[in-house]
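Presented below is the structure to which this report refers.
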Amino acid sequence: MKKLVLTLVALVVAVLSASAQEKPLVLGKSHAMQRVVVKNKYLLLPVQEREDNANIRVLRDGQQVKSLNVRLAVDQVDYYVPLDIQRLGSDLLLDITFYGDRRFTGAMKDFLCWKEMKQSNTFDTANREKFRPQYHHTPAYGWMNDPNGMFYKDGVYHLYYQYNPYGSMWENMTWGHSTSRDLIHWEAQPLAIEPDDLGDIFSGSCVVDKKNNQVVAFYTSAGKAQVQSMAISKDNGQTFEKYAANPVLVSTEEDFRDPKAFWNPEIQRWNLILAAGQEMRIYSSKDLKEWQYESSFGKDLGCHDGVWECPDLMKLQVRGTDKQKWLLICNINPGGPFGGSATQYFVGDFDGHHFNCEHKDTRWMDYGKDHYATVTFDNAPDGRKIALAWMSNWQYANQVPTKQFRSANSVPRDLDLFEYNGQTYCGVTPSKELLSLRGKETKKLPQACEIVVDVKGSSDITLSNGIGEQVVMRYDAAKHTFSMDRTRSYASFSEAFPCVTTAPTYGDIKQLRIFVDNSSIEVFDAEGRMAMTNLVFPQEPYNNMKVTGGKATIYGIK
């Protein structure tokens, strides 16, 4: 299978020009300036992850044109990140403040970053990471967390995401952008929405405004306060112009974020739901600009062990019936069933003004440890509700053993509702597009594959390698549970990583679909009543599989 298609040009390190700037001006123990005469497109910034952030204010003619935080290298370069200086001006001054402790980092004049900060017309995005997935979406480089603003229009799926273009740890929140025609093969696009004086660009959503032939983005501006802003695209989401009257929604709540907007044909108005502390707030609008508060939801329902985030709200069909109900997605951190972040949901009714939940118990959409910030595509074809999740956990997301990039998205999954013992639950089924990945059947276990297991009662599936690492999956037909044990997977980067995750199956499982990639395992009941997403980082690929209580078919990846 072809790897992630990258639109960024490849770098040949040998063509790097010599340092194209003067010696730094050391102004104090933690303050320096660096003049940059722009001769190439990029200034390559050397990163050392163990160091503290340095703040770089980019000045042109004495005015700030950009500000970013980077862990500039002191005595070792882990990797480089590109700063596009060509679009900022021809003669720039970097005003740099370091926040590290000089007792440990030494004299600022001796920092390695001054020698290694170089200009180039190209930047290397070739994959050198053994854990980069083969068929999951990842950023070309840098940090990624929540999927944002996803929509479908004119045959193209647009995925935006929380992104740090200047390092592989959380910082400098920007909307990155990728596009796909099949939900499998993704093409990296230029940055979509960048920070401004209102703050960093946190999570949000996009809607296809068919009446005005435009795409409208809503996002959280995270500065001194968290407020909601909007931006408009006239070119199908390639570029956005921020609304001049931002912000469009404000609150006294400290945690006030992640707006999800959608057209509600039942009231002929737009609805918007966002997270405020430990509740969801619902608004309505005729024009996407003026928003009327309708109601709040969440008191005394669900899990409240952490902050509520990244909501979604949609109407779904109940399988095998003529009934429809509403699903409210609520991501929470911490408070997940196995620690850290997770996705809970509520089933009920919504009249455009109030959401009423029909159950009292807490329900989880995915019972793995690495499934968070789940949201769906706006305007998806055939009325489908296609979801993606951030495939990580805040307990260790910054520490997972990759450098060039951090984090991937889950495989796409379609959402619906099903009934079991008189209750209605969220169904999660691998999207049909994943069938196109199936290659030839094979007896050997590839590093990336889909495994289909026809189970007969209780079943065990063990993936292992020659150095004793393994993952054990177990379906208990009597207890109606499925579990995954990764306690013998490589985990030295975090004490929170080893775990056994267990899910209810809501009835008998007849077939399991297991998606294995270089650093993840996602398991689904083929009928969509159970989902479990977990990262794994085997030091050698799992090359052996043992199955009891079932018959397995292994498909390589095209």
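Any read-out appearing in this document is the output of simple, stated calculations on the displayed coordinates, not a laboratory observation. Everything quoted here is computed from the prediction, not taken from an experiment. Cβ sites come from the backbone with ideal geometry, for glycine too, and all protein chains shown count toward neighbours.
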- Residues of region 30-44 with backbone N under 20 Å of the label point set 7 Å from the Cα of residue 64 along Cα→Cβ are 30-36
- Item | Cross-link reach list, aspartates and glutamates versus residue 115, counting only Cα pairs under 12 Å and skipping chain neighbours closer than eight places | 22, 75
- Message: Let me check I've understood the local charge: for residue 32, count other residues with C-beta under 13 angstrom from its C-beta, Lys and Arg +1, Asp and Glu -1. What total comes out?
- Response: +3
- Taking the mean number of other Cβ atoms within 10 Å as a proxy for protection, how do you rank 450-458, 209-217 from highest to lowest? 450-458, 209-217
- Query: Taking only the alpha-carbon positions of region 340-485 and ignoring solvent, what does the Debye formula give for the base-10 log of I(q)/I(0) at q = 0.17 Å⁻¹?
  - Reply: -1.41
- residue 75 and residue 419 label points (each 7 Å along its Cα→Cβ direction) are spaced in nm at 6.9
- Note on the structure: With +1 on the Cβ of every Lys and Arg and -1 on the Cβ of every Asp and Glu, the dipole magnitude of region 285-350 about its Cα centre, in debye rounded to the nearest 20, is 240
- Task: Report the extension gain between residue 299 and residue 360 in nm, rounded to one decimal, defined as 0.36 nm multiplied by the number of residues separating them, less their alpha carbon distance.
- Result: 20.8 nm
- Using the per-residue mean of other Cβ atoms lying within 10 Å as a proxy for protection, in what order, highest first, do the peptides 39-47, 477-485, 80-88 fall? 39-47, 80-88, 477-485
- Task: Could you give the size of the charge dipole of the chain about its Cα centre, using +1 on the Cβ of each K and R and -1 on the Cβ of each D and E, expressed in debye and rounded to the nearest 20?
- Result: 1360
- Once you have a ≥ b ≥ c as the square roots of the Cα gyration tensor eigenvalues for region 119-201, tell me rounded if a/c is under 1.5, and otherwise prolate or oblate according to whether a/b is larger than b/c. oblate
- Message: Just to be sure I understand the model, the point goes 7 Å from the Cα along the line to the Cβ. What's the resulting residue 267 to residue 551 distance in nm?
- Response: 5.3
- Query: How about region 300-384: which chymotrypsin sites (Phe, Trp or Tyr not before Pro) there lie in a loop by DSSP and see at most 11 other Cβ atoms within 10 Å?
  - Reply: none
- Query: In straight Cα distance, which lysines are under 17 Å from residue 323, not counting same-chain residues fewer than 8 positions off?
  - Reply: 315, 385
- Normalised per residue, the volume inside the convex hull of the alpha-carbon atoms of region 300-384 in Å³ amounts to 120
- Task: Only helical DSSP H runs with n ≥ 4 go in: add -39500 (n - 2.57) per run for the chain, normalise by residue count and round the 222 nm mean residue ellipticity to 500 deg cm²/dmol.
- Result: 0 deg cm²/dmol
- Cα-centred dipole magnitude for region 327-385, charges only on beta-carbon of K, R (+1) and D, E (-1), debye, nearest 20: 180
- Starting from the Cα of residue 128, step 7 Å toward the Cβ, then list every residue of region 33-61 with an amide N under 13 Å from that point. 47
- Principal axis lengths of the chain from Cα atoms, whole Å, largest first? 72, 61, 43
- Item | Stretch gain in nm, segment residue 115-residue 224, where the contour uses 0.36 nm per residue and the Cα spacing is subtracted | 35.7 nm
- Put +1 on the Cβ of each Lys and Arg and -1 on the Cβ of each Asp and Glu in the chain; which of 246, 520, 557 then has its Cα farthest toward the positive end of the dipole? 557
- Task: Classify region 515-558 as rounded, prolate or oblate, taking a ≥ b ≥ c as the square roots of the eigenvalues of its Cα gyration tensor: rounded when a/c is under 1.5, otherwise prolate if a/b is larger than b/c and oblate if not.
- Result: oblate
- First select every other residue whose beta carbon is under 15 angstrom from the beta carbon of residue 256; then total the charges, Lys and Arg +1, Asp and Glu -1. -3
- Of 440/510; 39/66; 210/325; 210/403, which ones are farther than 30 Å apart at the Cα? 210/403
- For the pair residue 214 and residue 279, how long in nm is the line joining their label points, each one 7 Å along Cα→Cβ? 3.3
- Starting from the Cα-Cα distance between residue 97 and residue 196, subtract it from 0.36 nm times their residue separation and give me the gain in nm to one decimal. 33.7 nm
- Listed residue (457, 548, 533) projecting farthest to the positive dipole end of region 398-551, Cβ model: 548
